[in-house]
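Below is one structure, written out as structure tokens, with a few remarks after it.
Each reported figure results from applying straightforward, stated rules to the coordinates on display, with no laboratory input. Not measured: the values here are computed from a predicted model. Positions of Cβ are generated from backbone atoms using ideal geometry, with glycine treated the same way; all protein chains shown enter the neighbour counts.
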Amino acid sequence: MPTPSAAATVNIEVRVKPNSRVTALDAQDDGTWLARIKSPPVDGKANAELIALIAKRFGLRKAQVSISSGLGARVKLVRIDKATLPER
């Protein structure tokens, strides 16, 4: 079992555009990410879709991705927990 290290988690800044025609996650030149989400920002639907999108993009489980700040904002700080990943 891997031991957690200082780099066990990664935080990324994501700007979310809800009600988009497509669902996509793209890296920006400034080091942030742009997430286009089909879901509306109602009842946490866009946040749930964002977590699923990030998990799929990085090959993680949804439980390894969480929104650490900005739940109701368009700019969010997303935490990716890599400590639970098996060593390769």
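A few notes on this one:
- Over the range 9-81, relative contact order from alpha-carbon pairs under 8 Å, at least 6 apart, %: 35
- The range 9-81 shape via C-alpha gyration tensor axes, a/c threshold 1.5: rounded
- Shape call, the range 39-82: gyration tensor on alpha carbons, a/c limit 1.5: oblate
- Calculated [222 nm] ellipticity per residue, helices only, for the chain: -5000 deg cm²/dmol; basis is -39500 (n - 2.57) per DSSP H run with n ≥ 4, divided by all residues, nearest 500.
- Cα-centre dipole for the chain with unit charges at Cβ (Lys and Arg positive, Asp and Glu negative), debye to 20: 320
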